[in-house]
Amino acid sequence: MEPVGYAELLEQVKVRVRTSRVQAARAVNTELVGLYWQIGRLILGRQESEGWGTKVIGRLAADLRAEFPGMRGLSQRSLVYMRPCTAAFDEPLAQQPAAQVPWGHIMVLLDKVTDHEAMKWYAERAVEHGWSRAVLTHHVATNRHMRVGAAPNNFPATLAPVESDLAGRGRGRFDCSSVPALAGHGTTISPPGA
């Protein structure tokens, strides 16, 4: 027999555990991205002062993987990206929105976005909306930063954030059967041009 209120306690604890796990993962990610920026700064400095080439990066990657065998993110490819990351974000990355997105997102931004302000915009939106790397890549490829705000709407003021983002995309059909006042009326609303 279950004590009174036990199910509620269990749910509260589960929610707190899940929330803490997400916060811990974000903190670790931010620290790692900051570390990668610092490594990029060190590599950039040595390449400029010593004239080191790319062979040094390969050797550095091998030595770092030998020293930290279970750590991801120390491959030659990642080290190569750390240098332009430092150049693209001239102040410590930990103080910028890009520090809150995974390293793979930053690699996409470095590969596909040349404008620093656009990079910052995409990083901010990826954090705000929780974009996956595939979604970020799609938005970059379609120049979303140039399209947002082009059509006036009141979605952010009248809808919850998730619904606002979905409505703002203007894709698909919105079935009103889940709205209690409209349920059973068979009403669907199609965005313009759908």
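The values are calculated or read from the model by the stated rules, or taken from the named source; none is laboratory data. What you see is a predicted model, and the numbers here were worked out from it, not measured in a lab. Reconstructed Cβ throughout: ideal geometry from the backbone, glycine too, with neighbour counts over all protein chains shown.
Where in region 1-101 are there helices (runs of 4 or more DSSP H), lying wholly inside it, with at least 3 residues that are hydroxyl-bearing (Ser, Thr, Tyr) and surrounded by 15 or more Cβ atoms within 10 Å (Cβ to Cβ)? Working first, answer last.
Values: elements: 6-50, 54-67, 76-88.
Counting at least 3 such residues, we get 76-88.
Listed residues Lys120, Lys112; which is modelled with pLDDT of 90 or more and among the charged types (D, E, K, R)?
Exactly one residue qualifies, and that residue is Lys112.
Report yes if some residue within region 70-85 is over 27 Å from Ala123 (Cβ atoms) and modelled with pLDDT of 90 or more; otherwise report no.
Yes, the conditions are met somewhere in region 70-85.
Residue under question is Leu136, and the condition is that it be in a helix (DSSP H, G or I) and surrounded by 15 or more Cβ atoms within 10 Å (Cβ to Cβ); does it hold? Break it down into steps so the answer makes sense when it comes.
On the way: in a helix (DSSP H, G or I): yes; surrounded by 15 or more Cβ atoms within 10 Å (Cβ to Cβ): yes.
In short, yes.
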